[in-house]
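Let me begin by presenting the structure, written as structure tokens, before commenting on it.
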Amino acid sequence: MARLVKRTATGPYKVEVGAETKFICGCGLSKNQPFCDGTHKTTARTEDAAKLFWYDVDGNRHECAEDYPGIRSA
Ligand code: FES
């Protein structure tokens with residue numbers, strides 16, 4: 001089974017638990033879910049906000065060729 005999950009965050013969410021600070025992945029690309037592993041830094045800088053992308057299991061980016069009304073964020 002496959003799922004299409006829309007993520008528009010370009011960085012992590014900072015969460016403080018007691019004295020600890022954790023960064024939860026907001027972009028969906030971390031290989032250390034649910035925690036941020038820094039992958040967002042390489043993707044967010046080079047993505048065009050007007051385009052829609054999907055990422056394969058190896059983290060390779062692909063641009064969607066078709067228009068998906070209601071899915072694009074820009
Ligand atoms: S927010 Fe996803 S890797 Fe950092």
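The values are calculated or read from the model by the stated rules, or taken from the named source; none is laboratory data. Since this is a predicted model, take the numbers as computed values, not measurements. In this analysis, Cβ positions are derived from the backbone assuming ideal geometry, glycine residues included, and neighbour counts consider all displayed protein chains.
Worth a mention:
- Every condition in (1) touching a strand residue (DSSP E or B) at 6+ places or on another chain (Cβ under 8 Å); (2) at pLDDT 85 or above; (3) outside any loop (DSSP other than H, G, I, E, B) is met by Thr43 except one, and the failing one is (2).
- Screening Thr39, Thr46, Thr21 for residues that are without any contact (Cβ under 8 Å) to a residue 60 or more places away in the chain and within 8 Å of the ligand (Cβ to nearest atom) leaves exactly one candidate, Thr39.
- Thr10 within 15 Å of the ligand (Cβ to nearest atom), modelled with pLDDT under 95 and assigned to a helix (DSSP H, G or I): no
- Against the numbered list (1) charged (D, E, K, R); (2) within 13 Å of the ligand (Cβ to nearest atom); (3) over 13 Å from Ala9 (Cα atoms); (4) loosely packed, with under 11 Cβ neighbours inside 10 Å, Glu63 comes up short only at (2).
- For the stretch 14-35, a residue qualifies if it is in contact with a Phe, Trp or Tyr (Cβ under 7 Å, 6 or more places away or on another chain), assigned to a strand (DSSP E or B) and not basic (Lys, Arg), and the qualifying residues are Phe23, Ile24, Phe35.
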